[in-house]
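Below is one structure, written out as structure tokens; the observations come after it.
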Amino acid sequence: MTRVVIADDAMLLRQGVVSVLHTLDGVEVVAEADDHPSLMAAVDEHRPDLVITDVRMPPTLTNEGIAAAREIRARYPETGVIVLSQYLDADYVLELLEDGTEGLGYLLKENVADRRQLATAIDAVCNASSSIDPAAIEVFVQARAQRPSPIDDLSDREREVLG
């Protein structure tokens with residue numbers, strides 16, 4: 001049984017995710033939270049296998065979910081964390097993964113209702129792998145393709161030497 005703590009300040013969204021989780025075999029929601037402090041208290045109390053958290057929560061509504069993910073992984077490395085976001089923001093993903101990818105996931109909220117995608121993400125994260133929303137990967141690939149080549153900044157002489 002995969003024990004899950006879920007955190008989101010929007011009660012309707014949180015309850016929707018809980019409803020989807022209840023349809024998955026082997027998943028048990030052990031606690032819910034609506035802000036960073038209550039999430040950390042629930043994790044400390046229940047020591048779940050997985051935390052699913054919103055990227056933005058009170059008190060500052062900035063990146064509390066990412067901060068919580070990093071804190072949880074530092075304190076309880078065996079606990080996987082999936083960060084949910086309504087924003088397709090490469091900076092959030094990079095911040096989440098800057099210390100490594102093991103046991104971490106990033107999903108867009110709009111895709112959580114897809115039981116298969118959520119189940120796949122849960123399986124990957126709980127097995128020390130990672131799961132990144134395909135739309136986020138597409139943003140990374142597009143950004144990389146649009147990045148100018150360092151060769152473009154070379155002087156004519158530098159190009160000549162390089163040649």
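What residue, among those in the range 2-25 that are under 24 Å from ALA128 (Cβ atoms) and assigned to a helix (DSSP H, G or I), is most open to solvent (accessible area, probe 1.4 Å)?
VAL20
Comparison of GLU71, GLU64, GLU78, GLU45 shows that the only residue that is under 15 Å from GLU32 (Cα atoms) and among the acidic types (Asp, Glu) is GLU45. Residues in the range 96-128 that are among the charged types (D, E, K, R), open to solvent by 70 Å² or more (accessible area, probe 1.4 Å) and free of Cβ contacts under 8 Å to residues at least 60 places away in the same chain: GLU98, ASP99, GLU102, GLU110, ARG116, ASP123.
Against the definition (assigned to a helix (DSSP H, G or I) and of a type outside the set (Val, Ile, Thr)), how does ASP44 come out, yes or no? Explain how you work it out, then say what you get.
Numbers: assigned to a helix (DSSP H, G or I): yes; of a type outside the set (Val, Ile, Thr): yes.
Yes; evaluated as a whole, the condition is true for this residue.
Within the set VAL139, VAL93, the sole residue that is open to solvent by less than 50 Å² (accessible area, probe 1.4 Å) and farther than 23 Å from VAL17 by Cα turns out to be VAL139.
Evaluated against (1) closer than 20 Å to LEU108 by Cα; (2) modelled with pLDDT of 95 or more; (3) open to solvent by 40 Å² or more (accessible area, probe 1.4 Å), ALA41 falls short on exactly one condition, (1). Specify the residue that is surrounded by the fewest Cβ atoms within 10 Å (Cβ to Cβ); the eligible residues are those in the range 64-79 that are in a helix (DSSP H, G or I) and charged (D, E, K, R). Filtering the range 64-79 for residues that are in a helix (DSSP H, G or I) and charged (D, E, K, R), the one surrounded by the fewest Cβ atoms within 10 Å (Cβ to Cβ) comes out as ARG75.
Being surrounded by 24 or more Cβ atoms within 10 Å (Cβ to Cβ) and either in a loop (DSSP other than H, G, I, E, B) or under 11 Å from the mean Cα position of the chain (by Cα) (or both) narrows it down to one residue among LEU84, LEU61; which is it?
Values: LEU61 fails: surrounded by 24 or more Cβ atoms within 10 Å (Cβ to Cβ).
Only one candidate passes the filter, namely LEU84.
What about ASP54, is it surrounded by 23 or more Cβ atoms within 10 Å (Cβ to Cβ), under 18 Å from VAL20 (Cα atoms) and in contact with a Gly (Cβ under 8 Å, 6 or more places away or on another chain)? So ASP54 passes the test. Restricting attention to the range 26-36 and to residues that are within 18 Å of the chain's Cα centre (by Cα) and not in a strand (DSSP E or B), the residue that is surrounded by the fewest Cβ atoms within 10 Å (Cβ to Cβ) turns out to be ASP34.
The values are calculated or read from the model by the stated rules, or taken from the named source; none is laboratory data. Keep in mind that what you see is a predicted model, and the values were worked out from it rather than measured. Here the Cβ is made from the backbone with ideal geometry for all residues, glycine too, and neighbour counts use every protein chain on show. Please note that ligands, DNA and RNA were not included when accessible areas were found on the heavy atoms of the full protein model with its side chains. Shrake-Rupley method; radii C 1.70, N 1.55, O 1.52, S 1.80 Å.
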